[in-house]
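Here the structure comes first, spelled out in structure tokens, and everything after it is commentary.
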């Protein structure tokens, strides 16, 4: 079952990234997941705008991942009202992520 295997691998990579990031603050830096796999595929994470406000989460995203998928902030229900589209919240997430050189989906 390929789908289950991919989900399992993804969860393990994210968990490993979190552990790695927590232990690298006072240790010699090891290559990040994004550096190790850059020639093969992107390493991504789902993120909410609040992740950019938390220093630990922001550091983890910038160090380990080269692709971020917005959780709910870019879904049609969050962007559209009856009369107009409001991209303010989405832009507040995408801006800092783009400055860090991370692709957004």
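No value in this document is a laboratory result; all are computed from the given coordinates. Note that the structure is predicted; figures quoted are calculated from it, not measured. Every residue, glycine as well, gets a Cβ built from its backbone with ideal geometry; the counts of neighbours run over all protein chains shown.
Simple spin-label estimate for residue 46 and residue 85 gives 2.3 nm between the two label positions (7 Å along the Cα-to-Cβ direction from each Cα). Taking a ≥ b ≥ c as the square roots of the eigenvalues of the Cα gyration tensor, region 36-85 is classed as oblate, since a/c reaches at least 1.5 and a/b does not exceed b/c.
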